[in-house]
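Shown next, in structure tokens, is the structure this report addresses.
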Amino acid sequence: MSIRIRMVLLVAFIFTGTPLLAADGYMKPPEELARLVDAPLTPIVQLSPDSRTLLLMERPSLDPISALAAPELRLAGIRINPRNQGPSRDRSYKGLRLVDVETGTERRVTGIPDDSRIRNAAWSPDSSQVAFTIDAEDAVEIWTLNAVNARASRLGTRRVVDVFSGSPFAWMPDSGSILVRLRSSAEASEPARNEIPEGPVIRENIGKTAPARTWQDLLSNPDDERIFDFQTTSVVALIGLDGATKELTEPGVYIDASPSPDGRFILIESIHRPYSYLVPWYRFPRRIEVIDRDGNLIEEIADLPLQEEVPLGFGSVPTGIRSISWRGDAPATLYWVEALDEGNARKEADQRDRLYMLPAPFDGQPVAGPILPLRFGGVQWADEDQAYISEWWWSNRKSRLYEFDPSRSDRPAKVIFDYSFEDRYNDPGSLLMTTNERGYDVVDLASDDDFFLRGAGASPEGDRPFLRRYDRRSGATTELFRSSAPHYERPIDFLDARRTSILTQRESVDTPPNYFARNLRTGRLRALTSFPHPYLDLKGIQKEFITYEREDGVQLSAMLYLPPGYDPAEDGPLPALIWAYPNEYKDADAAGQVQDSPYRFKTVSYWGPIPWVTRGYAVFDDAAMPVVGEGEIEPNDSFREQLVMNANAVIEEGARRGVLDPKRVGVGGHSYGAFMTANLLAHSDVFAAGIARSGAYNRSLTPFGFQSEERTFWEAPDVYFTMSPFMNADKIDEPLLMIHGEADNNSGTFPMQSERLYNALKGMGATTRLVMFPHESHGYRSYESIMHMLWEMDRWLEIYVKEAGAE
């Protein structure tokens, strides 16, 4: 089809209302939208442990659809590239640069092949090297970068196995070698799938309560098990910087390996049969062992069984050892947590978790640490007599931080902070960590009595990130830095031992994020990077953080974007797009707190709604959609009613300002935002049309909970029914565009969800369109898909929103 004919058909569609049922392959959106896809992406930055060098990792443009169409295995909850035993969909970088913090000198790293896919970059503890992997066609390779001469080279010739979450390697503390998972030198041949079934696939449950979430990509037959074994089997090995390789283990399915801070021991975790067809790999039986640098077994710490029967409820956990790791402040001491309430969040209990510690040689009884009345949230180690442990609880949003003495189990832990984690205004911030000489993160101590806090600094004026010094004795804080208008500036780390200079990331409405060295005493700033504005022709976009109130008094907010030069008094109200994502709260005041900052850079990403400001729309991004349930009332008990109140409030505020035409308003969202969109079209009449991407619409298909809903379908059937747009499809009488990836692996958002709602709407004569993207998952990754997504969304908005009020 020629461009001329295509344009004629599109114009006819717009002005006559005659639907255009099919696109001519992958389409491209108008130029002002396409430019956003082609705009350069800001690099990702890592600071070296000695704070002297910045590693800049350049982000590539989108992959072509041909990359996503490559062979892919979906096994036990992971997606594998079978050609190189790496992930099939992981984010990568295309180039590396080094910036000297003292001088600002920038050097491009040489020796990396063109068009490389770089991942897993990590500084060595002594800051002399960076290790990273490169995804080659038939192997994942391990490389190192010399920070002195900025030259990279491959380390050995062995293939890395990188299919599980987290990095496949770890630096040894002396920075002289790397611990890595490699393909076995005695590699077996790849198993073939049996053409003839070996027998039926049988699942059985005899009297056990074994609820499970709606996981995808699970094992489903013996063939899957054999192929999973082949693709994930590795050996744990040490590779020296000269490439010399020493295998430490027999082949196995190793999911993690980490050295002790003194480098004498290695903690290894592996999974083994029996596998499950109901849960992902991280619920499979798991063996935890300690070996030495020669591969000798020192101690088996645990052999945990298959975990199919984890109790229901947010905060429920498996029984036995979990969250095991090394203490970063000690030479060789393991720590872990075990549940005291059978892992059951629904069980009444005064004690939920307990911390345990086990020093080398690991053959004695573990030392019992603090008992937690709530669920373990993490531990930060400072020194031999100072550490911090956190806990949380979902139902009341409680969060606490305790200080304890690891050397004195007889001393009770002391509460440092006690607050609600949904109360952003009173969030004290998180402990600032530093990397010690062994490469482990420990609490950055100003003295025996002081540590530092870094936080978002939420306030009624928006987020104002801060850095504070905390006095342990008095509980007083001293503010060392806080972001101020008209910039948004986020502290990252100290740059000197005296702690007089910090690295910050700074931006403003018209200036993209860049990195600076800030002197805390004088306030002097020195630029370390100068990333350019990615879309100069869009600098005139107007951005305003707005607040308003819904009818029951809950405070709401949104970020309002208006076209360059637009004046409501002269130009009149505009068609509008509202983009949102619902959030549940247990406190109305917390629900009304301001989020984000009015001084952040206008990142006009192709993924969100902001691009449509270039097409003449008023855009309300991240419009607050709180759902509040205080006390014994759960938020979802009035989900629909609160959504409608939120929607009415933002439309009324836009109309009051004169920027929004109430007859021409579209609504959209992704994932739970898509679920919201379909509900708003079903239960209100304030929108002209909706756009729902990668959503779930029938909650009976997620019967053991969804989003923040803890109750099962059988415990709250009315909630599941009334919240499901599929059950209320007969009430959706506005045009609805649905988009979904055919390979969506997100829990709950099966592609079938969109297909079933489309069929229901079509069967009742509704105006709807379903676009299924081949090879795409929950978020779309290919250039062709993103371009076509923009084309679909733009066309839908032009026809059913912008032209909705035309006579």
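The values are calculated or read from the model by the stated rules, or taken from the named source; none is laboratory data. What you are looking at is a predicted structure, and each value in this text was computed from that prediction instead of being measured. Because the Cβ atoms are built from the backbone with ideal geometry, glycine has one as well, and the counts that use them run over all protein chains shown. We work out accessible area using only protein heavy atoms, side chains counted, and drop any ligands, DNA or RNA first. Shrake-Rupley method; radii C 1.70, N 1.55, O 1.52, S 1.80 Å.
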### Query
By its C-alpha gyration tensor, with a ≥ b ≥ c as the square roots of the eigenvalues, how is the range 331-478 shaped: rounded for a/c under 1.5, else prolate for a/b larger than b/c, else oblate?
oblate
### Message
Given R₀ = 60 Å, what would the calculated FRET efficiency be for Ala69 paired with Glu479, taking r from the Cβ atoms and rounding to 0.05?
### Response
0.70
### Percent RCO, i.e. relative contact order, over the range 466-535, from Cα pairs under 8 Å lying at least 6 residues apart
19
### Query
Percent of accessible area on the range 222-378 owned by carbon and sulfur, 1.4 Å probe?
48
### Query
At what distance in nm do the modelled label points of Asn221 and Ser638 sit from each other, each positioned 7 Å from its Cα along Cα→Cβ?
5.2
### Computed magnitude of the charge dipole of the chain (debye, nearest 20; Cβ of K, R +1, Cβ of D, E -1)
1480
### Query
Around Ala689, with a cut-off of 13 angstrom between Cβ atoms, what is the net charge of the other residues, counting Lys and Arg +1 and Asp and Glu -1?
-2
### Task
Find the centroid of the Cα atoms in the range 745-759 and in the range 672-695, then give the distance between the two in whole Å.
15
### Query
So what's the angle, to the nearest 10 degrees on a 0 to 90 scale, between helix 639-656 and the longest Cα principal axis of the chain?
60
### Task
Calculate what fraction, in whole %, of the accessible area of the range 714-807 sits on carbon and sulfur atoms when a 1.4 Å probe is rolled over the protein chains.
50
### Message
Quick check: the angle from helix 222-232's long axis to the longest principal axis of the chain, C-alpha only, nearest 10 degrees?
### Response
70
## Note on the structure
Which of (i) 43, 33, 30; (ii) 38, 32, 31; (iii) 52, 34, 25 gives semi-axes √(5λ) of the Cα gyration tensor in Å as computed here? It is (i)
### Query
Within the range 506-523, whose backbone N sits under 15 Å from a point 7 Å along Cα→Cβ of Asp496?
517-523
### Query
Which of the aspartates and glutamates could a cross-linker bridge to Lys762, judged by Cα under 15 Å and excluding same-chain residues fewer than eight apart?
Asp730, Asp733, Glu734
### Query
Using 0.36 nm per residue, how much length does the chain from Ser61 to Ala136 gain when fully extended, once their Cα-Cα distance is taken away?
25.2 nm
### Message
I'd like the Karplus ³J(HN,Hα) series for the range 275-286: coefficients 6.51, -1.76, 1.60, θ = phi - 60°, whole numbers in Hz, and an x wherever there's a Gly or Pro.
### Response
7, 10, 9, 10, 9, x, 4, 6, 9, 6, x, 9
### Karplus (6.51, -1.76, 1.60) ³J(HN,Hα), θ = phi - 60°, over the range 356-361, in Hz, Gly and Pro reported as x
10, 10, 9, x, 4, x
### Query
Could you give the angle, 0 to 90 degrees to the nearest 10, between helix 3-16's Cα long axis and the longest principal axis of the Cα atoms of the chain?
60
### Message
Per DSSP helix of 4 or more residues, -39500 (n - 2.57); summed, then divided by the residues of the chain. What does that give at 222 nm, rounded to the nearest 500?
### Response
-4000 deg cm²/dmol
### Message
From the phi angles alone, apply the Karplus equation (6.51, -1.76, 1.60; θ = phi - 60°) to the range 592-597 and give each ³J(HN,Hα) in whole Hz, x where the residue is Gly or Pro.
### Response
x, 6, 6, 10, 6, 9
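Rounded, prolate or oblate, given the Cα gyration tensor of the range 684-807, with a/c below 1.5 counting as rounded?
oblate
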## Note on the structure
Amide H proximity to Glu72 below 5 Å, modelled H, separation 5+ or other chain, gives none
### Message
If you average the alpha carbon positions of the range 117-191 and of the range 514-548, how far apart do those two centres end up, in angstrom?
### Response
35
### Query
Where Lys and Arg each count +1 and Asp and Glu each count -1, what net charge lies around Ile142 among other residues with Cβ under 13 Å from its Cβ?
+3
### Query
Quick one: if the Förster radius is 25 Å, what FRET efficiency do Leu536 and Trp607 give, using the C-beta to C-beta distance and rounding to 0.05?
0.75
### Query
Counting only protein heavy atoms and using a 1.4 Å probe, what share of the accessible area of the range 522-621 belongs to carbon plus sulfur, as a whole percent?
46
### Query
What percent do you get for the relative contact order of the range 406-539 when only Cα pairs under 8 Å and 6+ apart count?
12
### Task
Find the relative contact order for the chain and round it to a whole percent, using C-alpha pairs within less than 8 Å whose residues are 6+ positions apart.
9
### Query
Summing Lys, Arg as +1 and Asp, Glu as -1, what charge do residues with Cβ under 14 Å from the Cβ of Lys731 carry, Lys731 excluded?
-3
### Query
Taking a threshold of 21 Å on the Cα-Cα distance, which of the pairs Lys94/Lys543; Lys663/Lys731; Lys398/Lys586; Lys347/Lys398 fall above it?
Lys94/Lys543
### Query
Quick one: length gained pulling Arg711 to Ser409 fully straight, 0.36 nm per residue minus the C-alpha distance?
104.9 nm
### Query
Modelled label-to-label distance, Phe721 and Ala244, 7 Å Cα→beta-carbon offset: nm?
7.3
### Global geometry of the range 232-283, whether rounded, prolate or oblate, following the gyration tensor of its Cα atoms and the 1.5 cut on a/c
prolate
### Task
Would you mind calculating the gained length between Asp363 and Arg472 on full extension (0.36 nm times residue separation, minus the Cα-Cα distance), in nm to one decimal?
35.7 nm
#### Entry: Accessible area in square angstrom per residue, the chain, 1.4 angstrom probe
42
### Query
Separation between the Arg756 and Ala34 pseudo-spin-labels, each 7 Å from Cα along Cα→Cβ, expressed in nm?
3.9
